[in-house]
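Have a look at the structure below before the remarks.
The values are calculated or read from the model by the stated rules, or taken from the named source; none is laboratory data. In this text the structure is predicted, and so the values were computed from the model without any measurement. Here the Cβ is made from the backbone with ideal geometry for all residues, glycine too, and neighbour counts use every protein chain on show. To get the accessible areas, we keep the full protein, side chains included, count just its heavy atoms, and leave off ligands, DNA and RNA. Shrake-Rupley method; radii C 1.70, N 1.55, O 1.52, S 1.80 Å.
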Amino acid sequence: MTDKWDKEIDTLVVGSGAGGLLAALVAADNRADVLVVEKEALWGGTSATSGAGIWIPASDQAREAGFDDKVDDAFKYVRKLSADNVPDANIRSYVENAAAMLRWVGSNTELDYQAFPYPDYHAEEPGGSPQGYRTHMPLPIDGRKLGKDVETLRFASPAASLFGYLNWHFDETYIILFRAPGWWWHLTKSLARYWFDLPFRFKSRKDRRLTLGNALLGGLRLALNERNVPVWLNSPLVDLVSEKGKVTGAIVRHAGKELRVRTRKGVVLAAGGFDKNQEMRDASAPLYKNAIYSGGIAGNTGDSIRAGTAVGAETMNMHSAWAAPVFYVPGEDRGRLCTIERALPGCMMVNQKGERYLNEAASYHIVGQKMARREAEHGDASPTWFVFDHVYRHKYPVGPLLPLMPDWLQRGEVRSIMKKGNTIEELAADMGVDPARLAATVSRYNEYAAKGEDPDFQRGEATYDKMYGDPSVTPNPCLRPIAKGPFYAMPIYPGDIGTNGGLKTNDKAQVMGTNGKPIAGLYAVGNNAASAMGESYPGAGVTIGPALTFGYIAARHMTGANE
């Protein structure tokens, strides 16, 4: 009976991150009547705050760059790293459809992605790529084309921008970070563009030049607007509606009313993980126990995962997360991902005993996992201390410390967590660490760092380690003695950039029921679904790459497009 429905459409997409918007776009392009609902007042999800790198094997862009990648190599690589309970078919579906997805995006939106020489995180494994060209980054787009929608686009993360709203492209970050020729001009040009773009300034604090996650989401939203696909903000999913084992719609709270929305083709759950749900973390992911340290956005509370289980969906790998070391500034609602800092020369990470316990330059996922496991086993890694010297402080970025700005001008909240001492012993006292032990740790580190060696943790030896090292430092771009005072330390915590366990899906992104069969009419993508990566992180972009790819697959499957 249709009189019980307030609205009828073909496809409902829950969540406005990258995977959800692409699913909506592909479905609309296949003549479906589509609605996107977003529980928050801002659209874009965690994707908008990200670097927007996507891991795409065997792409056209990689081929143009001279890298003859093979899908089978990518499958072999991910299969080795992923969890045993992830089906081969899911991994195969991702690596075989990723390049086609990116080709479709390039043909149907303003987005332009480039392949980068960004090595895989475990490039030494069979099928890994030490030369890179599987990670792709979006070029900037003009935010003015979005009109008023740019005002409700979620801001970039402070970790991926200057002050949280001045945007740089990936290449520009490198130029400014290492003060390559022309770096001052790039910085001056960016500041001038932002501050003197007065007509845009009156409408939004955002930089009109959208980069990274803002570019990706802005490009997808532009294409949706061209197809007149509505995006309802402040419109949370309340429940899914199931009839005889098939999802036929959903209840959505919109404009103060609960509306029953019928879906003729299907519902795509793309509303993120349970990053900020402390109760769900306590129950399922105790290793990553502190919701406040997650880099996920506040709205990621697992609503749609719970809605899925309420209609019989099975979950998988709920204990898992995209682990990461994070800085946390008091008063902020999430952790700030620490990506670049750890690999740069002249720093180290020590536990609360003043001892190193890991290779700081490894991928943030590996470092985050080791920190979390260390804390669980020994109780001395949360916080871990990020230690550096005067040279490092004035040459490189350090989490929330603003570059090129003296200590006394930093925000009070940042100054409150920064430790400082004229000697290592003074620094240790400020940190609450045994001075003799920290001094011994620094002494041993310095002895070998001067020779470009790290016999304890092999920092700088793996291909990926060097990705964020300083190429001007030899013989090891990741190592330099911590020698010139004053010395500094910042607390760094075992956190994550989101949970990655969720609803179990098949190779078509259909949600699987506890009976082992797909639930008709229900799909899940992104962190709403259990990742095809299992508990691993094979390379930069294996979060958003699969989200986009399975969003593309889901939309094509539900609309009957040829595959």
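Quick look at the numbers
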{"read-out": "Lysines with Cα under 20 Å of residue 246, excluding same-chain neighbours fewer than 8 positions away", "value": "4, 7, 265, 504, 508, 517"}
{"read-out": "Estimated FRET transfer efficiency (residue 226, residue 7; beta-carbon r; R0 22 Å; 0.05)", "value": "0.50"}
{"read-out": "Heavy-atom accessible surface of the chain: percent carbon and sulfur, 1.4 Å", "value": "51 percent"}
{"read-out": "Residue list for region 84-126, given a label point 7 angstrom along the Cα-to-Cβ vector of residue 64 and an amide N cut-off under 17 Å", "value": "99-118"}
{"read-out": "Residue 283 paired with residue 408, simple spin-label distance in nm, labels 7 Å along Cα-to-beta-carbon", "value": "5.3 nm"}
{"read-out": "Candidate lysines for bridging to residue 145, where Cα separation is under 22 Å - those fewer than 8 sequence places away on the same chain excluded", "value": "189, 203, 206"}
{"read-out": "Model label zone, residue 41; criterion: amide N under 16 Å from point 7 Å along Cα-to-beta-carbon; scope region 309-340", "value": "333"}
{"read-out": "With Cα atoms, 0 to 90° folded angle of helix 183-196 axis to the chain main axis", "value": "50 degrees"}
{"read-out": "Accessible surface, per residue, of region 257-316 when the full set of protein chains is kept, probe 1.4 Å, Å²", "value": "38 Å²"}
{"read-out": "Distance (nanometres) between label positions extended 7 Å along Cα→Cβ at residue 332 and residue 112", "value": "3.2 nm"}
{"read-out": "Proximal lysines to residue 353, defined as alpha-carbon separation beneath 24 angstrom and excluding residues fewer than eight positions away on the same chain", "value": "289, 370, 419, 420, 484"}
{"read-out": "For region 44-100 versus region 443-478, the gap between their alpha-carbon centres in whole angstrom", "value": "29 Å"}
{"read-out": "Gain in span if fully extended, residue 378 to residue 391, counting 0.36 nm per residue against the direct Cα distance", "value": "1.5 nm"}
{"read-out": "Centroid-to-centroid separation of region 288-311 and region 395-424 [C-alpha atoms, Å]", "value": "32 Å"}
{"read-out": "Contact order relative to length of region 1-117, as percent, for alpha carbon pairs under 8 angstrom and 6 or more apart", "value": "20 percent"}
{"read-out": "Region 61-141: chymotrypsin sites (Phe, Trp or Tyr not before Pro) in DSSP loop, at most 11 other beta carbons within 10 Å", "value": "none"}
{"read-out": "Share, in percent, of DSSP beta bridges within the chain that are antiparallel, nearest 5", "value": "70 percent"}
{"read-out": "Ordering of 45-51, 359-365, 296-302, 387-393 by burial proxy (mean other Cβ atoms within 10 Å per residue, highest first)", "value": "45-51, 359-365, 296-302, 387-393"}
{"read-out": "Rounded tilt (10° steps) of 364-378 against the dominant C-alpha axis of the chain", "value": "70 degrees"}
{"read-out": "CD proxy at 222 nm, helix term only [per DSSP H run n ≥ 4: -39500 (n - 2.57); per residue of the chain; nearest 500]", "value": "-9000 deg cm²/dmol"}
{"read-out": "Residue-normalised accessible area of region 1-131, given per residue in Å² at a 1.4 Å probe", "value": "38 Å²"}
{"read-out": "Mean separation of Cα contacts under 8 Å (6+ apart) over length of the chain, as relative contact order %", "value": "22 percent"}
{"read-out": "Cα gyration tensor shape of region 384-466, rounded if a/c is under 1.5, else prolate or oblate by comparing a/b with b/c", "value": "oblate"}
